[in-house]
Structures are given as C-alpha cells and as structure tokens.
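Worksheet: the structure to be examined is printed underneath.
The values are calculated or read from the model by the stated rules, or taken from the named source; none is laboratory data. In this text the structure is predicted, and so the values were computed from the model without any measurement. Heads up, the Cβs are rebuilt from the backbone with ideal geometry, glycines too, and the neighbour counts pull from every protein chain shown.
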Amino acid sequence: MVANTLDEVIIQRQSAFPYAKGDLSRMLMHIAIAAKIVSREINKAGIIDILGEANNVNVQGEEQQKLDIYANNQFISAIKSSGICAGIASEEDDDIIILDDELSRNGHYVVCMDPLDGSSNIDVNVSVGTIFAIYRRVTEPGTKVQREDFLQPGNKLAAAGYVLYGSSTMLLYTTGLGTTSFTLDPSIGEFILTDERMTTPDDGKIYSINQGNFHSFPRGVKEYLIYSQETDKATNRPHSLRYIGSLVSDFHRNLLKGGIFIYPETEKNPNGKLRLLYECNPIAFLAEQAGGKATDGQGNRILDIQPTDIHQRVPLYVGSKKMVDKAEEFNRKFKD
Ligand code: AHM
Ligand code: MG
C-alpha cells in the first residue's frame with residue numbers, strides 16, 4: 001500500500017530510525033494532533049475571543065498573545081501525552097519544563113519549540129507557524145532532565161519540523177532522511193503527503209530581510225542588499241524582496257521557489273533576533289535536508305553551533321546554497 005497520510009508515512013519509515021522503537025513516531029503523531037487543534041483555533045480566530053494580547057510578557061520581554069499561550073499549552077500537553085518526552089524548552093517559558101511523571105521521566109527525548117512563531121501577525125490574518133526540534137537526551141532516562149539535554153548542537157537532532165498555518169496548513173518534518181511535507185485536508189482531519197523528498201533550488205531570485213533595519217546592518221549585509229537590487233544579467237531585473245515577518249512563511253516560500261532569508265545582527269539585536277534552539281536549528285535542519293544551506297553569515301554552519309543558553313540568539317542566513325554563499329562572500333569582503 002502506498003503511504004498517504006502522515007501516520008502511515010511515519011509508521012512505514014519507523015524501521016529507518018536509528019532507535020527503531022516507535023518512540024519518535026509516537027511523538028510526531030502527537031505533535032500532529034496538537035497542530036490540528038491549533039490550526040482549527042487559528043482558522044476561527046477572528047470569530048472567537050482568542051485574538052489580541054494576553055496582558056502578559058514572556059521571558060524575551062515580548063507581549064504574549066492569547067494564541068501564543070493557547071498553542072503553548074496544546075503542544076505541551078500533546079508532547080507530554082506521548083509519554084516518551086522527559087522535558088520541553090519553549091519560547092514561551094523562561095526555564096525548561098521538566099516532565100517528571102513515571103512515564104515521561106523514562107523518556108529518551110526532549111523537545112525544543114516555538115509554539116506560535118510570528119504571532120504578532122495573527123491579528124491581521126497573516127500566516128504563522130509552530131517550530132519544533134527533538135533531541136535524544138544525554139542524561140540517563142529515569143532521572144530528571146537537565147539543561148545539558150537541551151544544549152546540544154543541531155547536528156545531534158533526532159527530528160525537526162514546522163507547521164505552517166497558511167492558506168492551507170502544512171507540516172514539514174525531517175529525521176535526517178530528507179525533508180517531507182504534508183498538507184492538512186480539513187474535511188477528513190488528516191495530513192496528506194504532499195512531497196516525500198523536497199528539494200530546494202540551488203539558486204534563487206528572492207531575498208527576505210527586514211530592510212527597515214538597513215542602517216543598523218553590518219556593512220557586508222548592506223552591500224549584499226545593494227548587489228541584490230542591481231539588475232541581474234540573466235533575468236534583466238533585480239532580485240525580489242519578499243518579507244512577511246513570519247519566519248516559517250518566509251522560509252517556506254523560499255524553500256519552494258529558491259531564495260535567501262537573513263536575520264543578521266543589528267544594533268537592537270547584536271546576535272540577531274532568532275533563537276538557536278527552537279527557530280534556527282530546526283529550520284537549518286529542514287533546509288539542509290532539502291539541499292539548502294544555513295549559516296550565521298560568518299562561515300559557521302548553524303547546526304554546528306554549541307548552544308550555551310536555552311534562549312540564545314544567533315544571526316541566521318538560510319536558503320539556496322548559492323545565495324547563502326554569496327551573502328557570506330560579501331561579509332568576508334566588507335568588514336565594518
Ligand atoms: P516571535 O517568535 O516573537 O514571533 O518572533 C520571531 C519572528 C519571526 O517569525 C520573524 O522572522 C521575525 O520575528 C521578524 O522580526 P522583525 O519584525 O524584527 O522583522
Ligand atoms: Mg518565534
């Protein structure tokens with residue numbers, strides 16, 4: 001039988017996982033259930049009282065939206081009920097969440113997640129996403145998880161993915177065997193296989209960056225942007241700027257069409273804005289597994305960065321290989 005739904009594909013591939021006990025499969029299925037629930041809530045967000053600010057500020061000093069909190073709770077409870085996860089690091093929670101019931105404590109995995117990325121856009125009906133990264137813990141199962149279980153470089157990821165709540169809801173994941181995409185069919189409530197092994201173009205014509213910060217970008221980025229705005233000989237037009245301000249949507253478009261997404265260091269955010277553990281790493285893993293590239297703009301592969309803090313930020317340059325290489329070339333050539 002040809003696998004068609006997310007659950008079927010996961011089960012069919014189970015034996016390919018390095019630790020084929022079905023644990024990771026179960027976790028992905030539980031994440032997908034939470035994704036469907038959050039998708040349903042987002043779809044009716046305008047007609048129920050779930051839009052707007054929750055009058056609460058998260059650890060990053062950002063105003064939490066009601067849907068942030070709703071999504072956080074849904075994903076935490078779904079991951080918890082998988083019974084194989086011993087702890088969670090979430091953008092919305094200051095410290096790690098230790099799952100200390102009998103079952104979870106014996107779990108082999110930890111999850112890092114941004115339950116609702118780009119949520120400041122939600123009131124205006126712009127696409128948002130959920131990003132997740134799954135590691136095998138390094139401490140002994142049966143004990144409480146420690147911060148070191150989360151502070152692992154992305155090259156140790158067991159799986160990662162995102163859900164894009166767009167004009168349709170999509171789920172992309174990788175376990176290191178390519179990037180696979182699914183689209184939610186709301187009439188039957190199932191994620192249906194869209195692309196078994198995605199490939200991103202080596203080169204592209206789209207650049208995505210918050211150009212409003214131009215004056216506080218490093219010199220190399222400014223020069224790269226000026227280069228991108230010059231007429232390309234092959235197409236007789238400059239590159240196109242496309243920026244939604246919602247990482248999953250911006251990355252997803254570029255993954256399909258070819259492009260580069262950059263969030264560099266700025267005066268306000270000297271290490272960039274995006275968080276290594278639950279934004280940059282999972283996106284980098286998906287990008288590489290589709291043939292793309294992700295670095296910090298200075299020649300360092302995102303997945304090789306050793307994290308030192310749960311909410312650590314890093315500059316992110318991700319997308320088509322040739323475009324990332326070109327942007328890095330400008331950073332090497334033009335120093336501040
Ligand atoms: P969030 O996690 O608080 O939603 O912030 C992350 C978002 C990303 O989705 C997006 O790429 C970035 O912030 C946009 O930032 P800016 O408004 O500075 O361009
Ligand atoms: Mg985020």
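Taken over the range 127-145, the criterion of being away from ligand 2 (no atom under 14 Å from the Cβ) and buried (at least 16 other Cβ atoms within 10 Å of the Cβ) is satisfied by 134, 135, 136, 137, 145. Within the range 99-119, can one find any residue that is over 22 Å from residue 194 (Cβ atoms), part of a helix (DSSP H, G or I), within 16 Å of ligand 1 (Cβ to nearest atom) and not aliphatic (A, V, I, L, M)? There is at least one residue in the range 99-119 that is over 22 Å from residue 194 (Cβ atoms), part of a helix (DSSP H, G or I), within 16 Å of ligand 1 (Cβ to nearest atom) and not aliphatic (A, V, I, L, M). Tell me, please, whether a residue that is within 23 Å of residue 191 (Cβ to Cβ), away from ligand 2 (no atom under 16 Å from the Cβ) and at pLDDT below 95 can be found in the range 96-107. Looking for residues that are within 23 Å of residue 191 (Cβ to Cβ), away from ligand 2 (no atom under 16 Å from the Cβ) and at pLDDT below 95, one finds none in the range 96-107, hence no. Pairs are defined by a Cβ separation below 7 Å, a sequence spacing of at least 6 or placement on different chains, a first member in the range 270-287 that is within 13 Å of ligand 1 (Cβ to nearest atom), and a second member that is of a type in the set (Gly, Ala, Ser); the pairs so defined are 277/89; 277/133; 278/89; 278/133; 282/133; 282/160; 282/161; 283/294.
Against the numbered list (1) assigned to a loop (DSSP other than H, G, I, E, B); (2) more than 24 Å from residue 177 (Cα to Cα), residue 332 comes up short only at (1). Within the range 206-247, the set of residues being among the hydroxyl-bearing types (Ser, Thr, Tyr) and either over 19 Å from residue 329 (Cβ atoms) or more than 14 Å from ligand 1 (Cβ to nearest atom) (or both) comprises 216, 224, 227, 228, 231, 235, 240, 243, 246. Is it the case that residue 307 is exposed (fewer than 15 other Cβ atoms within 10 Å of the Cβ) and not polar (S, T, N, Q)? Against the criterion (exposed (fewer than 15 other Cβ atoms within 10 Å of the Cβ) and not polar (S, T, N, Q)), residue 307 does not qualify.
All of (1) closer than 24 Å to residue 303 by Cβ; (2) assigned to a loop (DSSP other than H, G, I, E, B); (3) in contact (Cβ under 8 Å) with a residue 40 or more places away in the chain hold for residue 138 with one exception: (3). When each of 253, 275, 242 is tested for being under 14 Å from the mean Cα position of the chain (by Cα) and within 12 Å of residue 207 (Cβ to Cβ), the lone residue that passes is 253.
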